[in-house]
Each structure stands twice: as C-alpha cells, then as structure tokens.
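Single-structure report; data block below.
Just so it is clear, none of the values below were taken in a lab; they were calculated from the coordinates. This is a predicted model, so every value here is computed, not measured. Note: ideal-geometry Cβ built from the backbone for every residue, glycine included; neighbour counts use all protein chains shown.
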Amino acid sequence: MDQWTHMQCDDNETQSLVKLAKKIKDKRYCRECMKMLPLDQIKPNSFFCHKHYKMVSSWNRAEADGVRPKCIADMHTFGQTTIQLSTKQIRDLMTPNQIQNYKKWCIVPVDPTHPLTVDNAVVVSSIHRMFLISHWRLGHSLIQYQHALTLKK
Ligand SMILES: [Zn+2]
C-alpha cells in the first residue's frame with residue numbers, strides 16, 4: 001500500500017514535469033510583446049512574433065537606409081564626432097507613420113553644438129532639415145539655427 005502511494009506520487013510529479021516541459025517547448029518569448037506566445041505565432045529563428053518581426057525588420061531597414069545615414073552626415077556638418085542614439089531610441093522618437101514614410105523625416109539636434117542624444121533630438125521633415133543645414137552653413141550660428149528650428153517647414 002505504501003509502495004503504491006509512493007509510485008502514484010512519483011507518477012504525478014513526472015506528469016506535471018512533462019506538462020511543464022511541453023508548455024515551455026511550445027512557447028517562445030516575443031521581445032516586443034514582452035510575453036510568451038505559442039510557437040506558431042513566433043517567426044522561426046527570431047525573437048519576435050510574426051507581427052513584430054515584420055515591424056522590427058522594416059524599421060531596421062528604414063533606419064539603416066535612411067534615418068541614421070542622415071544623422072551621420074549632419075554629425076559631420078555640425079563638427080560632432082559621435083551620435084549617442086540607439087536604434088531603439090531613434091525608433092521611439094518617431095511615430096509609426098513617420099517610420100513608414102522614413103524618407104520624408106529626419107532627426108536633428110536641438111543644439112548642434114552638442115552630440116545627438118535622446119534629450120537633444122527632434123524629428124523634422126526632410127525639407128526642414130535642408131533649411132536648418134543651410135542656415136547653419138551660413139554662419140554656424142546657434143541662435144539662427146534654433147530660430148530656423150521653430151519655423152514650421
Ligand atoms: Zn510580438
């Protein structure tokens with residue numbers, strides 16, 4: 001009788017371990033959803049669900065293709081040597097609509113005498129950016145630049 005009870009207990013434990021392992025095996029974590037999701041909702045070989053994989057990969061393309069190269073070009077124009085903005089910070093600065101139309105938008109410093117950081121960054125249209133750069137090239141004047149920044153383009 002004792003032995004029987006013991007066996008039952010072991011068996012239950014094994015069963016719950018098997019259940020737990022199965023539960024983990026069938027799920028993966030999405031870094032954007034920030035939760036475990038069923039395996040079929042996860043893009044294979046990635047850290048994202050299908051929806052977020054699409055979003056993140058299109059964003060990565062947008063950043064590499066458009067947003068960051070412009071920031072780097074401006075960094076040289078402003079005589080800076082560094083940009084202190086991560087991919088995620090750039091993404092957080094922009095609205096989903098701006099990300100989708102990333103060619104029409106850029107991120108410029110509020111104060112170009114300091115490196116681009118999350119506290120020294122503003123999203124402007126590409127036309128506004130050209131206007132700002134041309135103002136800056138006229139005399140490297142912070143006052144003129146920041147005045148040009150307040151003018152909606
Ligand atoms: Zn997700």
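Name the residue that is nearest to THR113 (Cα to Cα), counting only residues in the stretch 28-78 that are touching a residue at least 12 places away in the same chain (Cβ under 8 Å) and among the β-branched types (Val, Ile, Thr). For the stretch 28-78, the residue satisfying everything is THR77.
Would you pick out the residues in the stretch 41-92 that are away from the ligand (no atom under 16 Å from the Cβ), assigned to a helix (DSSP H, G or I) and more than 15 Å from the chain's Cα centre (by Cα)?
If we filter the stretch 41-92 for residues that are away from the ligand (no atom under 16 Å from the Cβ), which is where we start, we get 61-87, 89-90, 92.
With assigned to a helix (DSSP H, G or I) added as a condition, the list becomes 61-77, 87, 89-90, 92.
Listed by number, the residues that qualify are PRO69, LYS70, CYS71, ILE72, ALA73, ASP74, MET75, HIS76, THR77.
So, in the stretch 31-40, how many residues would count as being assigned to a strand (DSSP E or B) and near the ligand (Cβ under 10 Å from one of its atoms)? So that I can check it myself, show each step before the final result.
First, pick out the residues of the stretch 31-40 that are assigned to a strand (DSSP E or B): 35-38.
Those left that are additionally near the ligand (Cβ under 10 Å from one of its atoms): 35, 37.
Of the residues in that region, 2 qualify.
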